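Everything below concerns the one structure shown next.
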Amino acid sequence: MKTPIKVTITGAAGHIGYALAFRVASGEMFGPKQPVILRLLEIPQALSSVHGVGMELEDCALPLLYDTVLTDDPAIGFREADYAILIGAKPRSKGMERKDLITENAKIFSAQGRAINDHASGDVRVLVVGNPANTNALIAASNAPDLNPRQFTAMTRLDHNRALGQLANKTNNLVADIKRMTIWGNHSMTQFPDASNCLVNGTPAYDLVSRDWAIDHFIPRIQRRGAEIIEARGLSSAASAADAVVDHVRNWALGTPEGDWVSMSVPTDGSYGIEEGIVFSFPVTCKAGNYEIVQGLEIDDFSRSRLRASEKELREERAIIEDLLH
Ligand code: NAX
């Protein structure tokens, strides 16, 4: 038998965690021959609930699920983790300012960064989902001095998948026919969903849809899709978010298909003029657990202004939590 991969999921009793745990355990993340050990980390108040998740996992009799650990202790939750999926976060409560939300979550993610540094595998790969995801990833990475910041990413894959879905609908094609979608920037309203490099069955997307459609409909719809789901469902995206987690980690671990790329929020390195010091979504290709930012894409004035707006927002978020960075 292959050595099991240890996957930590924080916030595992929550909506996204509940939708995700079963998919990881059934082999969708790492393939049908790869056993996994799940470590489900929750806060003490949600321990009973996460025990229920553990019981249901047991009741599925999943052949790839080698072991399940349920805990509220980060030292146990992150022990030897190969992958850490950080979903648990403090939600925005009524009347809470954005600044307070960022500060409250900064405390959680700095502590988790330290715990990952001290207890996870030295080769751990981290995906931050809990919002504000990009800045939380920055904080976690900066509190993990023994790890490479490139081991920390944040999730913009749900936005990427939403964009694929909308372009497929508009052009009457399948999502599988679309390549080279990009989400740039922050996982927030300033994100820039960019179809300008997309190929639809090999044809440039802008030969099939107008730039006006992209500017007036496509971009704002992806930016507001989360709110649209909440309005319809009365709850925020959960199954689609879990699906995006599976996609993000699977591509990171096993690679992206030839001729295509995916969107991942990663520490900036100067690519596309976005200076170091924030976690920003780029088009990336992945191979065997590594990613590379796709280079050389043309950025026109319109795109540049969108990238700058999202960069500005991320630098403002960073300024709020600067004292927690090392
Ligand atoms: P829920 O409130 O259903 O679940 C959150 C869970 O996290 C709860 O069970 C809570 O007990 C737990 N938790 C809180 N603090 C924790 C800590 N310090 N350690 C471990 N567990 C902790 O939220 P859910 O709908 O699952 O969403 C989770 C997060 O994902 C939110 O921050 C949400 O905004 C964010 N999202 C991010 C997305 C992205 O694309 N990056 C999309 C979906 C989602 O909105």
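The values are calculated or read from the model by the stated rules, or taken from the named source; none is laboratory data. Just so we're clear, the structure is a prediction, and the values are computed from it rather than from any experiment. Glycine also receives a Cβ, built like all others from the backbone with ideal geometry; neighbour counts cover every protein chain displayed. For accessibility, only protein heavy atoms count, side chains too; no ligands or nucleic acids. Shrake-Rupley method; radii C 1.70, N 1.55, O 1.52, S 1.80 Å.
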Next on the checklist: Regarding region 213-224, can at least one residue be identified that is modelled with pLDDT of 95 or more, open to solvent by 10 Å² or more (accessible area, probe 1.4 Å), touching a Ser or Thr at 6+ places or on another chain (Cβ under 9 Å) and under 15 Å from residue 262 (Cβ atoms)?
Outcome noted: no
Next on the checklist: I'd like to check something: does region 93-108 contain any residue that is more than 23 Å from the chain's Cα centre (by Cα) and part of a helix (DSSP H, G or I)?
Outcome noted: no
Item to check | Pair list, Cβ < 7 Å and 6+ apart or interchain, from region 213-241 residues that are in the same structural domain as residue 170 (by TED's automatic domain parsing) to residues that are surrounded by 13 or more Cβ atoms within 10 Å (Cβ to Cβ) and of a type in the set (Asp, Glu) | outcome: 222/159
Checklist outcome for this item: Contact list, first residue from region 7-28 and over 19 Å from residue 131 (Cα atoms), second anywhere and away from the ligand (no atom under 11 Å from the Cβ) and of a type in the set (Ser, Thr, Tyr), beta-carbon distance below 7 Å, six or more apart or interchain, is 7/83
Checklist entry - Taking only pairs six or more apart or across chains, which ones have beta-carbon atoms under 6 Å, a first residue in region 38-60 that is under 19 Å from residue 5 (Cα atoms), and a second residue that is in a helix (DSSP H, G or I) and within 14 Å of the ligand (Cβ to nearest atom)? => result 39/77; 40/50; 41/77
Checklist entry - Out of region 200-248, which residues are of a type in the set (Asp, Glu), within 15 Å of the ligand (Cβ to nearest atom) and farther than 28 Å from residue 29 by Cβ? => result 231
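Right, residue 113: within 11 Å of the ligand (Cβ to nearest atom) and small (Gly, Ala, Ser) or not? Walk me through it before giving the result.
Numbers: within 11 Å of the ligand (Cβ to nearest atom): no; small (Gly, Ala, Ser): yes.
The answer is no for residue 113.
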Checklist outcome for this item: So the helices (runs of 4 or more DSSP H) completely within region 7-86 holding 3 or more residues that are under 19 Å from the mean Cα position of the chain (by Cα) and within 11 Å of the ligand (Cβ to nearest atom) are 15-25
Next on the checklist: I want to confirm something. Restricting to region 252-274 and keeping residues that are touching a helix residue (DSSP H, G or I) at 6+ places or on another chain (Cβ under 8 Å) and not aliphatic (A, V, I, L, M), which single residue is surrounded by the most Cβ atoms within 10 Å (Cβ to Cβ)?
Outcome noted: 265
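Okay, residues lined up against (1) open to solvent by 40 Å² or more (accessible area, probe 1.4 Å); (2) out of contact with any Lys or Arg (no Cβ under 9 Å at 6 or more places or on another chain); (3) under 21 Å from residue 244 (Cβ atoms):
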{"position": "14", "(1), (2), (3)": "no, yes, yes"}
{"position": "23", "(1), (2), (3)": "yes, yes, yes"}
{"position": "35", "(1), (2), (3)": "no, no, no"}
{"position": "41", "(1), (2), (3)": "no, yes, yes"}
{"position": "55", "(1), (2), (3)": "yes, yes, no"}
{"position": "59", "(1), (2), (3)": "yes, yes, no"}
{"position": "86", "(1), (2), (3)": "no, yes, yes"}
Item to check | Residues of region 103-136 classified as among the small types (Gly, Ala, Ser), touching a Pro at 6+ places or on another chain (Cβ under 8 Å) and open to solvent by less than 30 Å² (accessible area, probe 1.4 Å), total | outcome: 1
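Here is a yes/no grid of residues against (1) part of a loop (DSSP other than H, G, I, E, B); (2) more than 30 Å from residue 120 (Cα to Cα); (3) not aliphatic (A, V, I, L, M):
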| residue | (1), (2), (3) |
| --- | --- |
| 159 | no, no, yes |
| 163 | no, yes, no |
| 170 | no, yes, yes |
| 173 | yes, yes, yes |
| 193 | no, yes, yes |
| 196 | yes, yes, yes |
| 206 | no, yes, yes |
| 209 | yes, yes, no |
